[in-house]
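Asker: The structure that follows is given in the form of structure tokens.
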Amino acid sequence: MTYGLLVLLTLGCHTGGSGKDGTDTTTDPPSETDTTPGTDTPTDTPTDTPAASYHPNGYMDPAVHGLEAKLQDQACTACHGDDLTGGELAPSCDTCHADGWRTNCTFCHGEEADGTGAPPLHIRGTDEGTAASFIPHRAHTTDTTLHAAFDCTTCHVKPTDVLSVGHLFLGDTTPGIAETDFSGGLSTAARWNATNGSCASLYCHGNGRADNGSINHDDAINGCTQCHAGPGQLARALTMSGEHSRHMLQGIKCSECHEATVDASNAIIDITKHVNGTKDIQLRAGMTYASGRCTGTCHGNNHNGRTW
């Protein structure tokens with residue numbers, strides 16, 4: 001196909017048109033023959049323009065057609081081919097979009113700040129703030145003072161490209177909604193309640209021993225004791241594993257057994273060793289831990305294979 005013919009086909013698809021606004025409400029021009037109100041399909045034939053000019057003027061602008069595609073108001077595959085490489089009625093989407101757009105998450109949603117495609121910038125191109133369906137996306141997809149960044153697979157089935165099944169067009173029955181799937185994360189039993197914005201059966205907001213945590217998405221995270229017992233919480237210490245309660249009753253600091261994770265003030269010093277699904281034990285010099293037993297001298301006491 002020559003460049004000139006390609007341009008003609010592209011312009012024929014994306015210029016002219018009936019002035020459709022992409023919503024097919026009663027405000028659409030009466031000159032349009034709309035056989036399926038509420039949806040935009042190639043069978044909606046504008047009677048006041050050539051048949052080749054399906055889209056309105058300026059439709060090539062991503063700000064105009066991008067949202068319609070993401071919300072599936074337009075079934076792009078009907079004209080541009082099942083794989084968007086072109087069909088009988090329209091050219092390949094690759095003709096206009098830059099190389100790599102199919103696998104670039106931030107091409108359609110999210111921001112380049114973390115590259116994950118996760119909000120706060122939603123597919124509508126806006127930051128919905130406290131009205132967002134899930135406020136703390138960025139707190140999960142970037143490093144924080146408490147944990148390393150989680151991949152999208154922690155809470156979702158992560159698509160490999162724009163046409164991954166269930167992502168867009170192919171098998172996606174809920175346009176504009178990102179379904180949760182915790183099977184690839186730390187809390188395989190977790191459940192998300194979209195009605196009240198809460199997560200339950202969580203490891204990452206539990207006491208570290210099981211998938212027993214819960215949290216609302218607008219809750220603030222206020223230190224260690226929001227999830228598990230900490231200094232001064234002796235009653236809660238009884239719920240912890242092994243000899244935690246005995247050590248805490250004696251005022252033993254967390255850093256004496258987890259010195260690679262926290263310092264003496266209980267600040268996290270290695271975020272990769274916290275909320276990672278692993279019990280990271282690093283004892284002070286002269287102490288060893290193996291098969292649930294401690295040996296050596298620690299906090300003034302001698303341990304000789306003492307059972308934890």
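The values are calculated or read from the model by the stated rules, or taken from the named source; none is laboratory data. For clarity, every value in this text was computed on a predicted model and none was experimentally measured. Quick reminder, even Gly has a Cβ in these numbers, built from the backbone with ideal geometry, and neighbours come from all protein chains shown. We work out accessible area using only protein heavy atoms, side chains counted, and drop any ligands, DNA or RNA first. Shrake-Rupley method; radii C 1.70, N 1.55, O 1.52, S 1.80 Å.
Asker: Per the 1.4 Å probe, what fraction of the accessible area of segment 116-161, in percent, lies on carbon and sulfur atoms?
Answerer: Working: 1560 of 2510 Å².
The value for segment 116-161 is 62 percent carbon and sulfur by accessible area.
Asker: What is the local net charge at G176, summed over the other residues whose Cβ is closer than 9 Å to its Cβ (Lys, Arg +1; Asp, Glu -1)?
Answerer: Details: positive: K70, R124; negative: none.
That sum, taken over residues with Cβ under 9 Å, equals +2.
Asker: Can you give the FRET efficiency for I221 and L89, using 1/(1 + (r/R0)^6), R0 = 51 Å, r = Cβ-Cβ distance, to the nearest 0.05? Don't jump to the answer; show the numbers that get you there.
Answerer: Numbers: r = 51 Å, r/R0 = 1.01.
Efficiency, from the Cβ-Cβ distance: 0.50.
Asker: With labels modelled as points extended 7 Å from the Cα through the Cβ direction, what inter-label distance (nm, one decimal) is found for D161 paired with D82?
Answerer: Using points 7 Å along Cα→Cβ, the separation is 1.5 nm.
Asker: Distance between Cα centroids, segment 280-298 to segment 181-248: provide it in whole Å.
Answerer: 26 Å
Asker: Tell me, what is the FRET efficiency for A285 and T174 to the nearest 0.05, using R0 = 35 angstrom and their Cβ-Cβ distance as r? Let's see the in-between values first.
Answerer: Details: r = 55 Å, r/R0 = 1.58.
My answer for the efficiency is 0.05.
Asker: Work through the residues other than H247 whose Cβ is under 10 Å from its Cβ and net out their charges, Lys, Arg +1 and Asp, Glu -1.
Answerer: Working: positive: R246, K253; negative: E243, E256.
Here the charged neighbours net out to 0.
Asker: Quick one: the Cα spread of segment 91-156 along its three principal axes, in angstroms, biggest first?
Answerer: 47, 25, 20
Asker: If you take every residue apart from Y203 with its C-beta less than 11 Å away from the C-beta of Y203, what net charge results, scoring Lys and Arg +1 and Asp and Glu -1?
Answerer: Numbers: positive: R209; negative: D211.
Neighbour charge sum, excluding Y203 itself: 0.
Asker: Can you tell me how much longer the chain between A194 and M60 gets when fully stretched, taken as 0.36 nm per residue apart minus their C-alpha distance, in nm with one decimal?
Answerer: Working: separation 134, 0.36 × 134 = 48.24 nm, distance 3.44 nm.
So the extension gain works out to 44.8 nm.
Asker: Here's a follow-up. Leaving out ligands and nucleic acids, note down the accessible area per residue over segment 223-308 with a 1.4 angstrom probe, in whole Å².
Answerer: Details: 5040 Å² over 86 residues.
Per residue, segment 223-308 has an accessible area of 59 Å².
Asker: Can you give me the accessible area per residue for segment 117-203, using a 1.4 Å probe, in Å²? Working shown, then result.
Answerer: On the way: 4750 Å² over 87 residues.
On a per-residue basis, 55 Å².
Asker: While we're on this one: Please state, to two decimals, what the Cα-based radius of gyration of segment 161-263 comes to when divided by 2.2 N^0.38 Å (N = residues). Before the final figure, lay out each step's value.
Answerer: On the way: Rg = 18.8 Å, N = 103, 2.2 N^0.38 = 12.8 Å.
Normalised Cα radius of gyration, segment 161-263: 1.47.
Asker: Please compute the length gained on full extension between C96 and L234, using 0.36 nm multiplied by the number of residues separating them and subtracting their Cα-Cα distance.
Answerer: Values: separation 138, 0.36 × 138 = 49.68 nm, distance 6.36 nm.
Answer, rounded to one decimal: 43.3 nm.
Asker: How much FRET efficiency would the formula 1/(1 + (r/R0)^6) give for D151 and L249, where r is the Cβ-Cβ distance and R0 is 41 Å, rounded to 0.05? Write out the running numbers ahead of the final one.
Answerer: Numbers: r = 39 Å, r/R0 = 0.95.
Calculated transfer efficiency: 0.60.
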